[in-house]
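The next block holds one structure in the form of structure tokens; read it before the comments.
The values are calculated or read from the model by the stated rules, or taken from the named source; none is laboratory data. Values in this document were obtained by computation on a predicted structure and should not be read as measured data. Here the Cβ positions follow ideal geometry from the backbone for every residue, glycine too, while neighbour counts run over all protein chains shown. Calculation scope for accessible area: heavy atoms of the full protein, side chains included, ligands and nucleic acids excluded. Shrake-Rupley method; radii C 1.70, N 1.55, O 1.52, S 1.80 Å.
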Amino acid sequence: MSLKTRLLVILGVTLTVTWSLAAAWLWWDLNDEVERTLDRRLAQSANMVAGLMARLPEDSWAADEVQRASIVAPLKGVACQVTSAQGQVLARTHANMAAILDVGQPGYSYRQREGEDWRVYTLIRDGVTITTADRVAERRSLMRDILALVVVPFAVALVISGGVLWWGTRHALRPLERWRAALGRRHHDDLSPVADTGLPRELRPLIVTLNELLARMRSAIRREQRFTDAAAHELRTPLTAVKTHLQVARRVEGDAIRQAVVHAEQGTQCLAATLDQLLALARIEGAGVQHETDGATVADIVRSAVRDTQEPARIVVPAKLPDARVGVSLELAATALRNVLDNALKHGPAGLPVTLDVDLATHETNATEWVELRVHDQGSGVPDEALAHVTERFWRHSATSGSGLGLAITAAIAERASGTLQFQHPASGGFEVCMKLPQV
């Protein structure tokens, strides 16, 4: 069911039920009020007759009974009878309605004659009994006329309201229809933000969500393009080297063949390492880093990262590590720290140790608990003007081998774990990298 149809059905049913309840309440109130009004008319008629009887001289009824009973002319739908205290009929409008107009208990009652119902009122005053009655069918006819007066305006108002509702709903949803048509005309490569000009205020949260989705799609496509471009650029060099050495091996003999094969194997290892780094970076940037409530212990992170480095014997680790956990999985945290350690081992002076320090700190602004992993080597480091490029993918400060992706991966993991990666030249010399990760 479309939104327009659903809205029309809901509002139409609500409007119909509301009007029906209002009409029913009005009909019930009118019916009760008409009944009371007609009853008061019967009582007023009886009192009026009683007043007239009191003003007539006593010898006015000296004629015989027939003459006395025919003094009052009959009225359509209304009957009246005056009876003396001795039960003698002094006056009446209908001679053939004795069953209806006979003396009864004072007040209102219903009586029936020849299948017709009558509403009767009996009044006793000064020994004289006045009985008035009107036909119930006349009352019902009056109520039918009133009902028509209620139903016809109700039906007309309902039809008019339905038409206005249909027009108003169609007019109100027209901006949404234009928006849908505009989206339908878009090119499949157009991921630019959707404008909310001319749209109702209620649709703006939807547009904001849609634009956020489009932004994530643009980011994902850019990452895919960057990955494709980077893979094509970075894998071409080792592939060319492997191809060249294999071609050399086909043309030479003896030790030259073995040397060419060794170089080809090194190129293959470089190619595999670069591909692994590219895939790791694409996975981290694409899926992000989920914050884990359990996380990994600092001891496990340090042990795993040091074990997987190129020269674990050169790394100086604190004798006692703090009992803390970070909100990142062990695999990602160890990968980030290992890349920093490998970078320090590669660019620091050969044979000299690399120091790893671990501290706990509290953020001054939001009181967040941090784990600080600081890696210090004794090399010259990176010039201050080049520090901004350290975490760029494929950026290399020197001609040493490497893919230029290690610190880019570390920065991506730290950023997506709500941490930071900082570089500095300590006063004591050397170069230091500090990775801060939030505790759990």
**Message:** Can you go through Ser20, Ser45 and tell me which one is polar (S, T, N, Q) and closer than 17 Å to Tyr108 by Cα?
**Reply:** Ser45
**Item:** Selected residue (criterion: nearest to Asn31 (Cα to Cα)) from residues of the range 134-182 that are open to solvent by 40 Å² or more (accessible area, probe 1.4 Å) and among the β-branched types (Val, Ile, Thr)
**Value:** Val151
**Prompt:** Does the range 155-177 contain any residue that is among the charged types (D, E, K, R) and free of Cβ contacts under 8 Å to residues at least 40 places away in the same chain?
**Reply:** yes
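Residues are listed down the side, and each one gets a yes or a no for (1) within 19 Å of Val302 (Cβ to Cβ); (2) open to solvent by 30 Å² or more (accessible area, probe 1.4 Å); (3) out of contact with any helix residue (DSSP H, G or I) (no Cβ under 9 Å at 6 or more places or on another chain); (4) at pLDDT below 80:
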residue	(1), (2), (3), (4)
Gly351	no, yes, no, no
Ala386	no, no, yes, yes
His397	no, yes, no, yes
Ser418	no, yes, yes, no
Phe423	no, yes, no, no
Ala427	no, yes, yes, no
**Message:** So Leu279 ticks every box in (1) at pLDDT below 80; (2) open to solvent by less than 70 Å² (accessible area, probe 1.4 Å); (3) among the aliphatic types (A, V, I, L, M) but one. Which box is left unticked?
**Reply:** (2)
**Prompt:** Restricting to the range 23-60, what's the tally of residues that are among the hydrophobic types (A, V, I, L, M, F, W, C) and touching a residue at least 40 places away in the same chain (Cβ under 8 Å)?
**Reply:** 13
**Item:** Residue identified as part of a strand (DSSP E or B), modelled with pLDDT under 85 and at negative phi among Ala91, Ala95, Ala99, Ala85
**Value:** Ala91
**Fill in**
Considering the range 317-349, residues that are surrounded by fewer than 21 Cβ atoms within 10 Å (Cβ to Cβ), of a type in the set (Gly, Ala, Ser) and within 44 Å of the chain's Cα centre (by Cα), and then whichever is nearest to Glu415 (Cα to Cα), we arrive at Ser329
**Prompt:** Given (1) surrounded by fewer than 14 Cβ atoms within 10 Å (Cβ to Cβ); (2) at pLDDT below 80; (3) within 27 Å of Pro312 (Cβ to Cβ), where does Val382 come up short, assuming only one miss?
**Reply:** (1)
**Request:** Identify all residues within the range 191-205 that are in contact with a Leu (Cβ under 9 Å, 6 or more places away or on another chain) and either loosely packed, with under 11 Cβ neighbours inside 10 Å or modelled with pLDDT of 80 or more (or both); write none if there are none.
**Result:** Leu191, Ser192, Pro193, Val194
